[in-house]
1. From the set of residues in the stretch 202-260 that are modelled with pLDDT of 95 or more and basic (Lys, Arg), which is farthest from Glu184 (Cα to Cα)?
2. When the stretch 189-223 is examined, which residues are found to be within 17 Å of Leu115 (Cα to Cα), assigned to a helix (DSSP H, G or I) and either within 15 Å of the ligand (Cβ to nearest atom) or among the hydrophobic types (A, V, I, L, M, F, W, C) (or both)?
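The values are calculated or read from the model by the stated rules, or taken from the named source; none is laboratory data. What you see is a predicted model; the values in this text were computed from it and never measured. In this analysis, Cβ positions are derived from the backbone assuming ideal geometry, glycine residues included, and neighbour counts consider all displayed protein chains.
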Amino acid sequence: MKPNFYEPMDDIPVAQRDGLGQTGERKGLRGWRRWLLWFFVGLLSAIAGLVVSWLTYQGAETATLPIPFEPMLVSSPGPGASSMVNAESTPSRSSLLGHLAYEEADASELVALTLNEAILMQPEAADRFEAMVTAAAGDGVYLTPISGFRTVSDQQYLFFEIKAERGQTASTRAEVSAPPGYSEHHTGYAIDIGDADQPDTHLSVDFEDTDAFQWLADNAPRYNFELSFPEGNEQGVQYEPWHWRFVGNSESLETFYKDR
Ligand SMILES: [Zn+2]
């Protein structure tokens, strides 16, 4: 007779089916036990194998994976990676509510305007502005400076205090005023100009109906001044016929046009 543990499948049915004598039953039982023993040994080694491989994986994950894994995270399409891609594909210039960021000029390098010593500008811009004032006066038009260089803290007041006084939202305020750190006035190259004969139009869209505005529209480019926020400007800033900027040297040109 074949040793029954070699063919356990034969053995089980025999033991269960036959109900044979003691010998047969005992033999069947022994085979059954062996089969169970081998089954559990197999099962235990399978479990042990799983446990070992799981532990190995855990160890590997915590101990060795982070090193090769971090560069993968950087290059994988996650939120960090997509913002890196954006930073490369969009201008590096930061903007806020439609206004571009500007560094505050060093006040010690600025000069006071002769017409109003409280107003500071970059030397070349001041020189060209005064030449423009003189030329306009020759034509019977009286340009007056209203605001030139402004510090970030000046702008802090203009933006937040007035916003609060008027109960404006940040975006409504930004249509007419740049947030601190984002004003062309920080550069010392921008100036708000009024018509000395029509002070009621100062800092108002009505300024466009004055002789001063008409004169500037015709002549400002000869002095390297341009309107920063013409009607329908790309930045979406409200039309400001009074706000002009000097673009007559490399520094000012780079200040206003680099990365745009
Ligand atoms: Zn202005």
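1. My answer is Arg222.
2. Ala212
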